[in-house]
Each structure stands twice: as structure tokens, then as C-alpha cells.
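Below is one structure. I have some questions about it.
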Amino acid sequence: MNIQSSEEIKRILELRQEKIFKKVMEEGVSIESNAGDFDNDPLENDIIINMGPQHPATHGVLRLVLRLDGETVRSCVPEVGYLHRGMEKMAENVGLHEFIPFTDRLDYISPLMNNVAFTLAAENALNIEAPERAQWIRVLCCELARISSHMMAIGSLCQDSGAVSYLLWAFTEREKLYDAIELITGARFTTAYSRIGGVANDISPEAIEKIKLFLDEFPENEKFLKNVILRNRIFIDRLSGTCVLEPKKAIDLGVTGPAIRACGIPRDLRRDMPYLVYDKIDFDVVTENDCDNWARHMVRVREIHESYKIVKQALEKLETMERTPVKLDYNKTTIQKKSNIYTNIENLISDFMLVNYGAVIPEGETYTAIEASKGELGFFIVSNGSGRPWKVKIRSSSASNLQCISEIVKGSMLSDVVLAIGSLDPIMGEVDK
């Protein structure tokens, strides 16, 4: 790189910093006066600090530029982009099948949900539908992932407030879930289990028994965990009445998931725009009315029980229904079993075309969304008629929910900012996509 281009980059970075600080200071005090001189009392001036991007309480590489009056937050500007992974561009340079493993790395706390969301979007774009048994398995996987994600969110929030033991107890329950997920998918974390046209394989009897064991033990463990966090006066006082998000502002900012349901708005795509077989399942949409950190926390606590009910119903259905195929037998869009590929020349040719050129996506555009653990997770796919998407846009709930952080921390204490981040439960893997 020559000297001139290096200077240009340096100038771009300087302009970027000036823009951020200008936004922080828009309420009054200039940067020059804020810098102050040594004759002035520093306690009479606002100060600018950076929280992150390398900070244990920002849940990833999130940077918050805070303007403080003592320990009271006057304004806040979130800055993202430090992860810079380019997921959407990668999706436009590979086939639909090839992108499935990448979805594990979006909200990496609930990869099974990402798999399901993207394969549903691909099926919508290809005008196909997975078999019923595969849809029930997908629902089971999504709700197991929701329980796991909420346990992690609650545990992290407790750790942010000083209750480290709860995080370890939450991890204990999540490990039991991972044992079951491993028996279902063959992997504990990056699963890549859902397929275009169904799922990779049927759920095994061993996996069913492991899930049953979890369902039998969880109510007593859940009761213990609730007693720890719902009766602790310090924890309650830290969360109650802090970082309030007004319902109208939540709607204006595109907030979804537990964050908007904590504002008393019963928005849940599983009920409002049913997908898979959620319209055949009995569950309640959890809402709270206080709009604060405590309300967002309580929504997740109560949603774990609703997901428990859904898992139980899905498991009962899978045990009683006939073991029909869990993947479409249509080689134009769906990769077939290896045994069929090695013994049938047509399947061999189709497999070669799917792997190398991708399934032909009809020209047009589609948007498909699910109710993920953190809110609405959607994929907007535009096709020009080739085997690879012309454009992919990911509507991630963490990115949308982070927009409200500037609003909810105004007037709060610096220590409340940490809890505000935890109550929103952002995962930077799907923010910097």
C-alpha cells in the first residue's frame, strides 16, 4: 500500500470518529469544552468513554460510546462492525445447500433455529414443502434451541449483575440439552441439521429417550433456578424500573422477540403467522407490561416453560405418528441419500448438478421469517433464475433490537448499561452479518 492510500484510510477513520462524537455531543457540550482545561473542575464536565468493543459485558465485539454526567448516561451511540464477516455476500456466492453450515455461525447460541429459518426460506424460494414428520422434528429442534438460548441469556444477565453461580447452573441444564442435540444431529454446537426439503435424518429412539429424561428432570431443576433469581432482593432491585422501553418506541425501532413482548405487545410469529406445524400446538404467547429490564428477563423465564410444553407435545406426536420419510424424494431440489446416489444414475447426475451449480431458483423475490429465540429472524432472497441467489438479506433480531439501546439507557446509571445489554441478549454473530 502506498503512502497516499494509507493517508486516505487514516482520514476516513478520523471522519468516522468525528461523526460518532458529533452524535454523542449533539445535546450540547462541545468536544473542545468537554476536553476541558486543568483549571476547571472535571466533575463539572461531561465525559466521553468507550464501553467495548473488547469488554466482557458487551456480549461480543460491541462498542458503546457513552456520554456521562458523573455516572448518569446522557447519551449513547452503539457501533457495530468489528466482526465484519460478510455472511450475506457469502450467501450470494454459493448455492442454497452450501450456505446451510454458515447459518450455524449467525446466532451461534441457537444454531438449530438458524438452520430451520434458512431452509424454510430456501423451500419458499423453490416452491417446495418438507414432509410433515420433518416439520414436527424441526419444531422440536427449534424449541430445544429456544430453551438453551434463554438459559444462556438468563445466566449471562445474572453474571452481569454479579450472580456468577447461576450461570454455571444454567450451563449444567444446557449440557443436558446438548447431549440430546448430539444424538439428534451428530453434533453438539454447529449442527447443520435441517436440509432443503426436510432434515438430515430421522430422530433416533436414543435421542427420544434422552429428551424424555430431560423433560422428567427439568421441572424440579427449573423450580430451583426460579427460586434463586425470582426471590433475590438485590437482583430484583438491579433490574426493576431500569432502562424502560416505551411500546410505541419499540414498534418504531423494529424491536421483536422477548424485548417487544416485555412491552405488553403479544407479537409472536408462531401464532401471528404460523409456519411449520405451530398452528397444531397449544402454547401461550408470554407478555409483560413493565417494559424494563426485569420485564425482559421475566419473559424469557416464562417462555422456557412454554417451550417445555411444545417439546412435550412434539415428542408425543413423533412417537405416535408413522415413521414416514423426513426428506423430499425430489432430486431437482433436494440432495438424496448416498445409497440412492450410488445406485441410480439420475440421482448421481442430479447430485452433481446440485453440488456444483445449485438448485435452480425461480426468478423473483421471497421473504421468510420465523420467531427465533431473540425475535424475528428472516431471509430475503432475490433470484435471477440461476442456481445461486442474486441477493440475500438477513433480517437478524439482534441487529434490530440493538437499535433501542440508545433510548433505554438515557438517564440510567453506568452500571445499568451492562444490564440493558444483557436484557436485550444480542449475539454479535448475527449483528455483523
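Just to be sure I understand, how many residues within the range 76-110 are more than 18 Å from GLU365 (Cβ to Cβ) and touching a Phe, Trp or Tyr at 6+ places or on another chain (Cβ under 7 Å)?
4
With respect to the numbered conditions (1) of a type in the set (Gly, Ala, Ser); (2) modelled with pLDDT under 80; (3) surrounded by 13 or more Cβ atoms within 10 Å (Cβ to Cβ), which one is the sole condition not fulfilled by GLY60?
Condition not satisfied by GLY60: (2).
Something else about it: Suppose we filter ILE184, ILE229 for residues that are under 21 Å from PRO325 (Cα atoms), part of a helix (DSSP H, G or I) and touching a residue at least 24 places away in the same chain (Cβ under 8 Å); which single one remains?
Sole residue among the options that is under 21 Å from PRO325 (Cα atoms), part of a helix (DSSP H, G or I) and touching a residue at least 24 places away in the same chain (Cβ under 8 Å): ILE184.
I'm trying to understand the selection: among the residues of the range 144-160, which are buried (at least 22 other Cβ atoms within 10 Å of the Cβ) and either within 21 Å of ARG323 (Cβ to Cβ) or of a type in the set (Ser, Thr, Tyr) (or both)?
LEU144, SER148, SER149
Let me ask something else. Being hydroxyl-bearing (Ser, Thr, Tyr) and free of Cβ contacts under 8 Å to residues at least 60 places away in the same chain is the filter; apply it to the range 288-339 and report the residue that is farthest from CYS142 (Cα to Cα).
Result: SER339.
Yes or no: VAL94 assigned by TED's automatic domain parsing to the domain that holds VAL199 and part of a loop (DSSP other than H, G, I, E, B)?
It is true that VAL94 is assigned by TED's automatic domain parsing to the domain that holds VAL199 and part of a loop (DSSP other than H, G, I, E, B).
What do you reckon, is ILE234 at pLDDT below 90 and either farther than 28 Å from ALA314 by Cα or part of a helix (DSSP H, G or I) (or both)?
Spelling it out, ILE234 is indeed at pLDDT below 90 and either farther than 28 Å from ALA314 by Cα or part of a helix (DSSP H, G or I) (or both).
In addition: Starting from residues that are crowded, with 20+ Cβ neighbours inside 10 Å and among the charged types (D, E, K, R), keep the ones in the range 359-380 and report whichever is farthest from TYR275 (Cα to Cα).
Result: LYS374.
What single numbered condition from (1) at pLDDT 95 or above; (2) in a helix (DSSP H, G or I) fails to hold for PHE224?
The one condition PHE224 does not meet is (1).
Ok, one more. How about the range 349-368: which of its residues are closer than 23 Å to LYS89 by Cβ and out of contact with any Ser or Thr (no Cβ under 9 Å at 6 or more places or on another chain)?
Passing the criteria: VAL355, ASN356, TYR367, THR368.
For the range 316-323, indicate whether the set of residues that are crowded, with 16+ Cβ neighbours inside 10 Å and in the same structural domain as PRO111 (by TED's automatic domain parsing) is non-empty.
For the range 316-323, residues crowded, with 16+ Cβ neighbours inside 10 Å and in the same structural domain as PRO111 (by TED's automatic domain parsing): present.
For the range 263-287, what are the residues that are part of a loop (DSSP other than H, G, I, E, B) and without any contact (Cβ under 8 Å) to a residue 60 or more places away in the chain?
CYS263, GLY264, ILE265, PRO266, ARG267, PRO274, ASP282, PHE283, ASP284, VAL285, VAL286, THR287
Out of the residues in the range 242-262 that are among the β-branched types (Val, Ile, Thr) and part of a loop (DSSP other than H, G, I, E, B), which is surrounded by the fewest Cβ atoms within 10 Å (Cβ to Cβ)?
VAL244
On to the next question. Which condition number in (1) within 19 Å of HIS97 (Cβ to Cβ); (2) without any contact (Cβ under 8 Å) to a residue 12 or more places away in the chain is the one that GLY358 fails?
Of everything listed in (1) within 19 Å of HIS97 (Cβ to Cβ); (2) without any contact (Cβ under 8 Å) to a residue 12 or more places away in the chain, GLY358 misses just condition (2).
Next question, about the same structure. Tell me yes or no: at least one residue of the range 151-162 is out of contact with any helix residue (DSSP H, G or I) (no Cβ under 6 Å at 6 or more places or on another chain), in a loop (DSSP other than H, G, I, E, B), in the same structural domain as ARG300 (by TED's automatic domain parsing) and farther than 25 Å from VAL94 by Cα.
Within the range 151-162, one or more residues are out of contact with any helix residue (DSSP H, G or I) (no Cβ under 6 Å at 6 or more places or on another chain), in a loop (DSSP other than H, G, I, E, B), in the same structural domain as ARG300 (by TED's automatic domain parsing) and farther than 25 Å from VAL94 by Cα.
The values are calculated or read from the model by the stated rules, or taken from the named source; none is laboratory data. Because the structure is predicted, anything quoted here is derived from the model rather than measured. Counting neighbours? That spans all protein chains shown, and the Cβs are built from the backbone with ideal geometry, glycine included.
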